[in-house]
Structures are given as C-alpha cells and as structure tokens.
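The values are calculated or read from the model by the stated rules, or taken from the named source; none is laboratory data. Note that the structure is a prediction, hence the values are computed from the model and not measured. Counting neighbours? That spans all protein chains shown, and the Cβs are built from the backbone with ideal geometry, glycine included. In case anyone asks, the SASA skips ligands and DNA or RNA and just uses the protein heavy atoms, side chains included. Shrake-Rupley method; radii C 1.70, N 1.55, O 1.52, S 1.80 Å.
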Amino acid sequence: VGNSMGGMITLRVAQLAPERLGRMILMGSGGAPIPPTDDLMKLITFYQDPSPEAMADLLVRFVADTDLFAGKLDEIAKTRVALATREDVRRSHLATFNPEFGPVKYTPEELAAVPHEALVLHGREDRMLPVTAGYYLAENLPNAQLHVLPHAGHWIQIEQASRFTAQAKLFLAG
C-alpha cells in the first residue's frame, strides 16, 4: 500500500523486485507525467517558510473537507511543524524534491511491464495530484482497477476511511 510518494516507491519495487509484491494498492499515487499542481509546489517549497502558518496552509490542501481538522488546525500545524523542522526531516525532504533529479515519471511502457494486480484509489478532489494521475496509472497498468472516491482529497485513507478499508479488504481478499 502506497500513498502519494509511497505509490511511486511501490511501483519501483514492482519493477525492480517483482517477487516481493503480491498485489498493490496505490492511493493518490505519483508517477504520472503531469506537471506539479500549485498545491504540490507548496509542499515541495515548504522549507522556504517553515512556519506554523505555512504548515496550516499546507495541511488544508491535502483534504477536500477542512472540517476534518475539527477546529484544531493551528494546534496540529504547530505540532507538525516542530517535527518537520527537525534537521533530519528537512534534509530528507530537500533530497526527495531535489530539482536536479526531477519527479519520478513512469512511461506507459514501464507501467505495461508491471504484471501485478493493482487497486488505484484516487480522491476526486485531490489538489496535490489530480485525479488524472489515477486515470493514467489505471490506463497503463495492465491489471489495474480504478476507484475514484468523491468528497476526498489526497488523504483518502483518512477522509474516506471506511470506504478505503472496504475497498482494500475486498481487493486483497481476491
């Protein structure tokens, strides 16, 4: 199971060590050759202004319904920015989004060579990685099924937890 960058890593494992995977669940996965959204750019450039205010602004971009934060957005942002500004986290983030390497993009040919069954889940209102990314993966992975969840952004496993769990159980059960 991979969300966002975790989905890109899952696809790389499928390419490099296919025997290590059975089925894959890709949630709001990266890897499609689409330009970064303004919201994703806010994540990528977070360390230009790593403040609690910038974190709060970033967090609301991950969800379709900001009521999810239940009036605790500032508190959550303050806690998360304390973790995000640790030097090891900062260093990892900057290395991950190093413009010298560019984002991972899988070609249709690379995806066509992945034999694993895949459940591609994508939030219809995903502002980080638009739903077109999910369609791209589902169209090019030969054994993929796509489920687009309404009223969900990038964090479908949180916003649509019961639907995510039901889909995952059904898929993994075969």
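Below are the figures for this structure:
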item	result
The one condition in (1) under 26 Å from residue 33 (Cβ atoms); (2) part of a helix (DSSP H, G or I); (3) of a type in the set (S, T, N, Q) that residue 145 fails to fulfil	(2)
Matching residues, the stretch 39-50, being over 29 Å from residue 14 (Cβ atoms), touching a helix residue (DSSP H, G or I) at 6+ places or on another chain (Cβ under 9 Å) and either among the β-branched types (Val, Ile, Thr) or surrounded by fewer than 17 Cβ atoms within 10 Å (Cβ to Cβ) (or both)	47, 48, 50
Odd one out for residue 90 among (1) under 17 Å from the mean Cα position of the chain (by Cα); (2) within 30 Å of residue 16 (Cα to Cα); (3) without any contact (Cβ under 8 Å) to a residue 60 or more places away in the chain	(1)
Filter pass, residue 61 being of a type in the set (Lys, Arg) and open to solvent by less than 70 Å² (accessible area, probe 1.4 Å)	yes
Residue match in the stretch 96-104 (condition: open to solvent by less than 20 Å² (accessible area, probe 1.4 Å), touching a Lys or Arg at 6+ places or on another chain (Cβ under 9 Å) and either of a type in the set (A, V, I, L, M) or over 23 Å from residue 38 (Cβ atoms) (or both))	no
Matching residues, the stretch 111-133, being open to solvent by 70 Å² or more (accessible area, probe 1.4 Å) and more than 17 Å from residue 35 (Cα to Cα)	113, 115, 117, 124
Test for residue 145: is it closer than 14 Å to residue 29 by Cα, exposed (fewer than 14 other Cβ atoms within 10 Å of the Cβ) and either more than 17 Å from the chain's Cα centre (by Cα) or not charged (D, E, K, R) (or both)	yes
Flag if residue 32 is assigned to a loop (DSSP other than H, G, I, E, B), among the small types (Gly, Ala, Ser) and open to solvent by 40 Å² or more (accessible area, probe 1.4 Å)	no
Cβ-Cβ under 8 Å pairs, at least 6 apart or on other chains, the stretch 19-48 side farther than 24 Å from residue 119 by Cα, far side surrounded by 22 or more Cβ atoms within 10 Å (Cβ to Cβ) and at pLDDT 95 or above	39/128; 43/128; 46/55
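Per-residue answers, yes or no, for (1) modelled with pLDDT under 95; (2) in contact with a Gly (Cβ under 9 Å, 6 or more places away or on another chain); (3) closer than 23 Å to residue 45 by Cα:
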| site | (1), (2), (3) |
| --- | --- |
| 78 | no, no, yes |
| 96 | yes, no, yes |
| 121 | no, yes, no |
| 158 | yes, no, no |
| 169 | no, no, no |
| 174 | yes, no, no |
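Rundown of residues vs (1) under 21 Å from residue 18 (Cα atoms); (2) assigned to a loop (DSSP other than H, G, I, E, B), yes/no style:
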| position | (1), (2) |
| --- | --- |
| 99 | no, yes |
| 105 | yes, yes |
| 109 | yes, no |
| 129 | no, yes |
| 133 | no, no |
| 153 | no, yes |
| 162 | no, no |
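Each row is one residue, and each column tells you yes or no for (1) exposed (fewer than 13 other Cβ atoms within 10 Å of the Cβ); (2) more than 22 Å from residue 150 (Cβ to Cβ).
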position: 21; (1), (2): no, yes
position: 66; (1), (2): no, no
position: 73; (1), (2): no, yes
position: 91; (1), (2): yes, yes
